[in-house]
Amino acid sequence: MFDHVVVHYAEIGTKSGNRSMFEKALARNLREMIAPFAAVRVRRETGRLTCSLADVAEADRAAVVAAAARQPGVAHASPAVRTAPTIEAMCTAVVALASTRSGSFKIAARRSEKTLPFDSRAMNVELGAAVQAATGRPVDVHTPDDMYVVEADSHRAYVRDARIAGPGGLPVGVSGKVISLLSGGIDSPVASYLAMLRGCRVVAVHFWNRSYSGEGVREKVLAIGRALARFQPSLRLELVPFEDIQQEIVAAAPAELRMLLYRRAMLRVAGALRSRHKAAGLVLGDSVGQVASQTLPNLAAVYEGAAPPILTPLIAMNKMDVVRIAERIGTYESSILPGADCCSLLVARHPSTRATAAALAEVEAQCDLEPLVQAALAEREIHVIAPA
């Protein structure tokens, strides 16, 4: 019976002078994310956005509500019935909803415009009385079994009885574009997702040793990309061949420095892609002290080779908190599939934990990396993953 989705935002509401820009970005994203189901009209209304479900098949409407709810920038989304802003029409809609259930209920009604011939209190009284008369259900304003929310302005009213919490944050795209290094583990997909929540449009880059990792890793990373594409209108995923760069490093570097040199080479490639995509920064899944390559001295030595800003959303997070986010956003199951990360190739059992940028640069000077970087860029595999 629902014919609309009502989308509320939170942080966007604090943007005062340029709120319109954020609302338009969120509306655009919602339109693109719902497009696989139908061409849906998204309206900007006072303090909310609404999506008509008139052209969406009944069987798909719950999926459309869920797709809207998970978009960055959304505080919550609700399936709703739109009616005329009259007491009679609103009573009919709320009674129809309330008649499908039993137990206590509460009406939470409000008008957003004083031009209506009734106030919020009158709406609560009239709608509550209509539900009681039609269903016999008792009112409980403190701990009701169900709550029916009614929002009315001078043109329309929306009646709803449920809502799905969204992630909050800002709409994807309002903060610019970033290059996110996607390793295939648990952390980097979560870092990419958190960057999306701050309004960043993510271009994901995976470094792939084709001869060592094989097709299994490729499919694993694509699966992670498909999961992330549910939060951003199309995700560009670039798979960069890395075996030749690794071989050059292995020939010149002691085993205890190889992991750090791999990472500096990755940042070098990512920096080139950042220029090509006109991206504002790089996103990494690092967390201080989680592994040997992520001690503070090693992070400083690795980052020294890249232009700022380097964004590290997980830098002070506990691993279990990261795992919980990965499970919630649907990347965890793919991240734990078998598949060796190319960074683990030919490294020491006890890698350096206190490397310096000077020591790494000295080894790099013995390598001829630039033509290998250009070759890797030329051979990269590009996937544009649309919302499914």
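Would it be correct to say that P309 is under 23 Å from I224 (Cβ atoms) and out of contact with any Pro (no Cβ under 6 Å at 6 or more places or on another chain)?
Considered against the rule, which asks whether it is under 23 Å from I224 (Cβ atoms) and out of contact with any Pro (no Cβ under 6 Å at 6 or more places or on another chain), P309 comes out as no.
Table: residues versus (1) in contact (Cβ under 8 Å) with a residue 24 or more places away in the chain; (2) polar (S, T, N, Q); (3) not in a loop (DSSP other than H, G, I, E, B).
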residue	(1), (2), (3)
V65	yes, no, yes
P79	yes, no, yes
R82	yes, no, yes
P85	yes, no, no
T92	no, yes, yes
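Return yes when A62 is of a type in the set (A, V, I, L, M), closer than 30 Å to L197 by Cα, in contact with a strand residue (DSSP E or B) (Cβ under 8 Å, 6 or more places away or on another chain) and surrounded by 15 or more Cβ atoms within 10 Å (Cβ to Cβ) and no when it is not.
It is false that A62 is of a type in the set (A, V, I, L, M), closer than 30 Å to L197 by Cα, in contact with a strand residue (DSSP E or B) (Cβ under 8 Å, 6 or more places away or on another chain) and surrounded by 15 or more Cβ atoms within 10 Å (Cβ to Cβ).
With the structure loaded, tell me whether V202 is assigned by TED's automatic domain parsing to the domain that holds A62, buried (at least 24 other Cβ atoms within 10 Å of the Cβ), modelled with pLDDT of 95 or more and part of a strand (DSSP E or B) or whether it fails that test.
It is false that V202 is assigned by TED's automatic domain parsing to the domain that holds A62, buried (at least 24 other Cβ atoms within 10 Å of the Cβ), modelled with pLDDT of 95 or more and part of a strand (DSSP E or B).
Considering each of A165, A109 in turn, give the residue that is surrounded by fewer than 17 Cβ atoms within 10 Å (Cβ to Cβ), within 20 Å of H8 (Cα to Cα) and either polar (S, T, N, Q) or under 34 Å from the mean Cα position of the chain (by Cα) (or both).
Exactly one of A165, A109 is surrounded by fewer than 17 Cβ atoms within 10 Å (Cβ to Cβ), within 20 Å of H8 (Cα to Cα) and either polar (S, T, N, Q) or under 34 Å from the mean Cα position of the chain (by Cα) (or both), namely A165.
Any idea which of (1) crowded, with 19+ Cβ neighbours inside 10 Å; (2) out of contact with any helix residue (DSSP H, G or I) (no Cβ under 9 Å at 6 or more places or on another chain) is the one N209 doesn't satisfy?
All conditions pass for N209, except number (2).
Give me the helices (runs of 4 or more DSSP H) completely within segment 319-388, filtered to those with at least 2 residues that are under 19 Å from the mean Cα position of the chain (by Cα), ordered by residue number.
Filter on segment 319-388 gives 319-329, 332-335.
Any residue at all in segment 164-177 that's over 30 Å from A89 (Cβ atoms), assigned to a strand (DSSP E or B) and touching a Leu at 6+ places or on another chain (Cβ under 8 Å)?
Yes, because at least one residue in segment 164-177 is over 30 Å from A89 (Cβ atoms), assigned to a strand (DSSP E or B) and touching a Leu at 6+ places or on another chain (Cβ under 8 Å).
I need the full set of residues from segment 41-55 which are part of a loop (DSSP other than H, G, I, E, B) and surrounded by fewer than 21 Cβ atoms within 10 Å (Cβ to Cβ), in order please.
R41, T46, G47, A54, D55, listed by residue number.
Checking I315 against (1) in contact (Cβ under 8 Å) with a residue 40 or more places away in the chain; (2) part of a loop (DSSP other than H, G, I, E, B); (3) not basic (K, R): exactly one of these is not met. Which one?
It fails just one condition, (1).
Anything in segment 145-182 that is among the small types (G, A, S) and under 30 Å from A279 (Cβ atoms)? List them, or say none.
Matches in segment 145-182: G166, G168, G169, G173, S175, G176, S180.
Taking helices (runs of 4 or more DSSP H) that do not extend beyond segment 205-296, which have at least 2 residues that are within 21 Å of the chain's Cα centre (by Cα) and modelled with pLDDT of 95 or more?
Once the helices (runs of 4 or more DSSP H) in segment 205-296 are filtered for at least 2 residues that are within 21 Å of the chain's Cα centre (by Cα) and modelled with pLDDT of 95 or more, what remains is 210-228, 255-277.
Are there any pairs with C-beta distances below 9 angstrom linking a residue in segment 265-279 that is assigned by TED's automatic domain parsing to the domain that holds H206 to a residue that is basic (K, R), with the two at least 6 apart or on different chains, and if so which?
Between residues of segment 265-279 that are assigned by TED's automatic domain parsing to the domain that holds H206 and residues that are basic (K, R), the close pairs are V269/R380; L273/R380; R274/K177; H277/K177; H277/R236; K278/K177; A279/K177; A279/R201.
Please count how many residues of segment 67-96 are under 32 Å from the mean Cα position of the chain (by Cα) and either closer than 15 Å to A165 by Cα or among the hydrophobic types (A, V, I, L, M, F, W, C) (or both).
Total meeting the criteria: 15.
Residues of segment 304-344 being within 18 Å of S287 (Cα to Cα), in contact with a helix residue (DSSP H, G or I) (Cβ under 7 Å, 6 or more places away or on another chain) and surrounded by fewer than 16 Cβ atoms within 10 Å (Cβ to Cβ), which ones?
E304
Consider V240 against the criteria (1) more than 23 Å from L197 (Cβ to Cβ); (2) out of contact with any helix residue (DSSP H, G or I) (no Cβ under 6 Å at 6 or more places or on another chain): it satisfies all of them except one. Which criterion is unmet?
Exception for V240: condition (2).
Take the residues in segment 96-155 that are of a type in the set (A, V, I, L, M, F, W, C) and assigned to a loop (DSSP other than H, G, I, E, B); name whichever of them is nearest to P85 (Cα to Cα).
Out of the qualifying residues, it is L116.
Enumerate the pairs (first residue in segment 130-157 and under 11 Å from S99 (Cβ atoms); second residue anywhere and of a type in the set (F, W, Y) and not in a loop (DSSP other than H, G, I, E, B)) with beta-carbon separation below 7 Å, excluding pairs fewer than 6 apart on the same chain, so at least 6 apart or on different chains.
Short answer, once both residue conditions are applied: V131/F105; R137/F105.
The values are calculated or read from the model by the stated rules, or taken from the named source; none is laboratory data. Worth saying up front: this structure is predicted, and the values here are computed from it rather than measured. With ideal geometry, Cβ positions are generated from the backbone for all residues, glycine too; neighbour counts draw on all protein chains shown.
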